[in-house]
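Remarks on the structure that follows.
The values are calculated or read from the model by the stated rules, or taken from the named source; none is laboratory data. Bear in mind that the values here come from a model prediction, so they are computed numbers and not experimental data. Cβ: placed from backbone, ideal geometry, glycine included. Neighbour counts: every protein chain shown. Please note that ligands, DNA and RNA were not included when accessible areas were found on the heavy atoms of the full protein model with its side chains. Shrake-Rupley method; radii C 1.70, N 1.55, O 1.52, S 1.80 Å.
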Amino acid sequence: MLLAGALALCCAFAHDSPESVQTQRAREKWVKAKGYKVYYTKKFDLTDLPEYAPQRKVSGSIRMWGSNYFTDSPLAEYWEKDFQKYQPEVKFDLHLKTSEHAVSALIFGVSDIGPMGRQIMWDEQLAFQRQFGYLPLGIVAVTGSYDVSGWNPPIGVYLNSGNPLTRLSLQQLDGIFGAERSGAWRDLSWDKSLARGPEKNIRTWGQLGLTGEWADKPIDVYGYNLQFHFPQEIESRAFGGVSNKWNEQLREYDNIRLSDGSFKLAGQLMLEDLAKDPYGIAYVAGGNAWLSPHVKAVALGVHDGGPYYDLSLDNVRNRTYPLYADVFFFINRDPDKPVDPKVKEFIRYVLSRQGQQQVMRDGKYLPLTAAAVREQLQKLE
C-alpha cells in the first residue's frame, strides 16, 4: 500500500510538472524581453557619492552565484568592463540564475559574492549559521527599480479609485494584512515583543476613519500567496518581523501562463480584480506599471500621522517611500577577519560614483543615495 501510494504521488507530481515548467519558460522569455530596455532616463545627481580609487591592486577570479537579473540585463557586463579599467588582473566567473543559489553557493564555498534580489530567508540564515557560526554579511548594492517587474520594484498599496482614502501608515497595514500573533522573527531570534492581539486587527473601512456607507463595509484583502518573497517585505516592515500570521480572509494570487504562451503576473491579476471591487485593497510589487483609471496607489508613512510619501520615482530612489526594495550582495565575512581584498575592492567600486553611474546607464535598478553608500561601506571595515 505504501509503495502504491508513493507511486501515485510521484505520478501526480509528474503530471503537474510540465505545466509548471512551461510557466517558468514563459517567465524566462518575459524577463529576457525586458532585460536590455532602459526604463528611466532621468540622470540623478551622483556627485555626493565617493569616486572609486583602488586601495590596493588585486588579482584573481571573483565568483558570483545568485540573482539572474544582473546578467539578464547588461549591468553585470557594464560593471565588469569598467572595474577592469582599475583592476585589470581581476576576472569574473558568473553563475547568475536565481537568488535561491546565493546563500547555498556561499555555504559550499563555490562563490565569493551572492547577489540576491530579496531579503534573506530564515532557513538560509540558519543553514549558514550552522556551517560557520555567524550570519552572512549583506551589502546593499543598489535600490530596486521604480516599476520594472523582476528588477525588485517597491511594494505599492492600491485601492479601487472609488475609495476616498489617500494614505496609510505601516501600522495600519499591519492591522489590515496581519493578524493576532505571539511574536515574529528578527534574523534567527524569535521576538515576543512583536506580539499583538486581535484588537489591533482592521477589518472594516470604518476602522480607518471612513464614514457613511463605507463604515461597516469589510475590507477585501488581496495579496501574493505566501510562497512568494514579497510577503516578507510586508512582514519585516509593517509587522516588525517575519510572521506567517496573515489576515484570515487573504485572497492569494500566483503568476499564470496564458493559453497563447505568454506570462501574466500575480500583481496584474490583483489589480484587474481590484478595479471591480470598491472595497478591496492590494499590495503589489511594481504595480504602477499597470495602473488604470479604476485603481490608485496610496501614499505611505512609517508612523501614524506621517509624513506620508507618494510612490514616485524620486521617492523610491531617495528611499523616503517606506516600501522601497533593497538588492543585496551577500558575502561570507568572518567577523574576526578582513574581507577578501578582491571582493572588497569590487564592492567598493559598485558602491562608488562610477559603479552607480552604470546602474543609471542600465536604466532599471536605481542608484543608491550617499547615506546608503556610507552605511554599506562601513560594513566592509
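In table form, for the structure just shown:
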{"quantity": "Virtual spin-label span in nm between Lys43 and Lys81, 7 Å along Cα→Cβ", "calculated": "1.9 nm"}
{"quantity": "Reachable aspartates and glutamates from Lys379, criterion Cα separation under 14 angstrom, eight or more residues apart if same chain", "calculated": "Asp334, Asp336, Asp340, Glu345"}
{"quantity": "Highest to lowest packing among 363-371, 218-226, scored as the average C-beta count within 10 Å", "calculated": "363-371, 218-226"}
{"quantity": "Charge-dipole axis of the chain as Lys and Arg at +1 and Asp and Glu at -1 on Cβ define it, positive-most pick from Gly301, Gln172, Gly133", "calculated": "Gly133"}
{"quantity": "Arg63 long-range amide H proximity, modeled H, under 5 Å", "calculated": "Asp93, Asp112, Ile113"}
{"quantity": "Glu89/Asp334 FRET efficiency (R0 22 Å; Cβ-Cβ; nearest 0.05)", "calculated": "0.35"}
{"quantity": "Accessible area (Å², per residue) of the range 67-216, counting only protein heavy atoms and a probe of 1.4 Å", "calculated": "42 Å²"}
{"quantity": "Among 262-274, 333-345, the order from most to least packed when residues are scored by Cβ within 10 Å on average", "calculated": "262-274, 333-345"}
{"quantity": "Listed residues Leu291, Val142, Ser59: farthest to the positive end of the dipole of the chain (Cβ charges)", "calculated": "Ser59"}
{"quantity": "Net charge dipole size for the range 42-172 [Lys, Arg +1 and Asp, Glu -1 on Cβ; Debye, nearest 20]", "calculated": "80 debye"}
{"quantity": "Centre separation in Å (Cα based) which lies between the range 44-75 and the range 96-165", "calculated": "18 Å"}
{"quantity": "Within the accessible area of the chain (1.4 Å probe), percent carbon and sulfur", "calculated": "52 percent"}
{"quantity": "Computed [θ] at 222 nm, helices only, for the chain once each DSSP H run of length n ≥ 4 contributes -39500 (n - 2.57)", "calculated": "-9500 deg cm²/dmol"}
{"quantity": "Given Lys57/Lys97; Lys296/Lys364; Lys97/Lys344; Lys34/Lys276; Lys32/Lys192; Lys37/Lys296, the pairs whose alpha carbons are separated by over 32 Å", "calculated": "Lys32/Lys192"}
{"quantity": "Alpha-carbon radius of gyration plus Dmax, which is the widest Cα pair, for the range 262-335 in Å", "calculated": "15.9, 53"}
{"quantity": "Per-selection metrics, the range 248-294 (Cα): Rg and Dmax in Å", "calculated": "11.3, 34"}
{"quantity": "Extension gain (nm, one decimal) between Thr204 and Asp191, 0.36 nm per residue minus Cα-Cα", "calculated": "1.8 nm"}
{"quantity": "17 Å cut-off, amide nitrogen to a point 7 angstrom out along Lys57 Cα→Cβ, residues in the range 81-97", "calculated": "83-91"}
{"quantity": "Estimated translational D of the chain in µm²/s (Stokes, Kirkwood radius over Cα pairs; 37 °C; 0.692 mPa s)", "calculated": "147 µm²/s"}
{"quantity": "Angle between the chain longest axis and helix 341-350 axis [Cα atoms, degrees, rounded to 10]", "calculated": "50 degrees"}
{"quantity": "Reduced Cα scattering model of the range 234-381, Debye log10 I(q)/I(0), q = 0.15, 0.16, 0.20 Å⁻¹", "calculated": "-1.04, -1.12, -1.33"}
